[in-house]
1. Can you list the lysines whose alpha carbon is less than 27 Å from that of K39, not counting same-chain residues fewer than 8 positions off?
2. Which order do the peptides 250-263, 225-238, 62-75 come out in when sorted by mean C-beta neighbours inside 10 angstrom, highest first?
3. Based on Cβ point charges of +1 for Lys and Arg and -1 for Asp and Glu, what charge dipole magnitude is obtained for the chain about its Cα centre, in debye rounded to the nearest 20?
4. Give the accessible surface of the chain per residue, rounded to a whole number of Å², with probe radius 1.4 Å and ligands, DNA and RNA excluded.
5. If you place +1 on the Cβ of every Lys and Arg and -1 on the Cβ of every Asp and Glu, how big does the dipole about the Cα centre of segment 139-277 come out, in debye to the nearest 20?
6. Can you tell me how segment 178-277 classifies by the Cα gyration tensor, rounded, prolate or oblate, using a/c under 1.5 as the rounded cut?
7. Please give the FRET efficiency for E268 paired with L89, using the beta carbon to beta carbon distance and R0 = 51 Å, rounded to the nearest 0.05.
8. Give me the distance between the Cα centres of segment 202-277 and segment 71-91, rounded to whole Å.
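The values are calculated or read from the model by the stated rules, or taken from the named source; none is laboratory data. Worth saying up front: this structure is predicted, and the values here are computed from it rather than measured. Virtual Cβ from ideal backbone geometry, glycine too; neighbours counted across all protein chains shown. To get the accessible areas, we keep the full protein, side chains included, count just its heavy atoms, and leave off ligands, DNA and RNA. Shrake-Rupley method; radii C 1.70, N 1.55, O 1.52, S 1.80 Å.
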Amino acid sequence: MQGFFLTRPPSQEQLPVNDATPGPSPALEKRDWIAGLDKGLAVIEAFDDQHPRLTASQAGTRCGLTRTAARRYLLTLAHLGYVGSDGKLFWLTPRILRLGHAYLESARLPRLVQPFLQRIAGGTQEVAYLGVLDGDDTVYIARSGAHRHMNTGYMLGSRVQAQVTAAGMAILAALGETAANAWLSQHTLRTYTPYTLSRPEDLQTELARVRRQGWALSEQQMELNYRGIAVPLLDRNNVVHGAVSITMPINQESSEDATKRVLPVLQEAARGLRPLI
């Protein structure tokens, strides 16, 4: 499973309308637009697990800047302590985690959901998560679990392509057919295991099933022998804000038995949260 990653700022096409749910960009006056901030964030986003160290030229290529411009942004970030350098290569420093932690510490939704995750974990003896949709990915912004499981599973800030997680499937289905199809048309579906739903038509069929039943089951989509079950978090206006989920080893437990064991607890938490969101 993945560890902590900085939650990337949303694209201009998908700015948050609250602290979790993506939506259309608000109108922005030209006089209010700060191009330097946009470019600086793009430089930060140029680093990932495939590109942990970059030259100024490489960073510029990845974010559409000239080498000179990228170098100036990198040197500024280095001066502020967010980037390290040996004179040629640049890399992110641990200070960059302050940006991700600022969201986790200030956002309303994780704080609101945390006590419910504790109850889910206590009632199922499994790790419980709150996931939200950010572009391609499910991002896990809260978690809780029994002590025996605390060293496994997703850590805060982990990002996983949405269609291979139960939480992502639950959110996409709850967005409605039109929005889910729009998401599918804009994203490339990667294959992780022989069971991954990587054909759009297969995913559309599965999302329709999830939409009808109101919960999602994902088995061996990202890792073999792992199962996820999730319920969308809806407010009083049926707007989806995320999903509560459980991820667990499959072991000898059947899909039916696992669903009977944990789904009622997840549904109870979602019902309790609905008037509070």
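1. Once the sequence-local lysines are set aside, what remains near K39 is K30, K88.
2. Descending packing order for the listed peptides: 225-238, 62-75, 250-263.
3. 660
4. Numbers: 14530 Å² over 277 residues.
Per residue, the chain has 52 Å² of solvent-accessible surface.
5. Values: 14 positive and 11 negative charges, 67 e Å.
Roughly 320 debye, rounded to the nearest 20.
6. On the way: a/c = 2.25, a/b = 1.10, b/c = 2.04.
Taking the square roots of the gyration eigenvalues as a ≥ b ≥ c, segment 178-277 is oblate.
7. Details: r = 51 Å, r/R0 = 1.00.
It comes out at approximately 0.50.
8. One Cα centre to the other: 42 Å.
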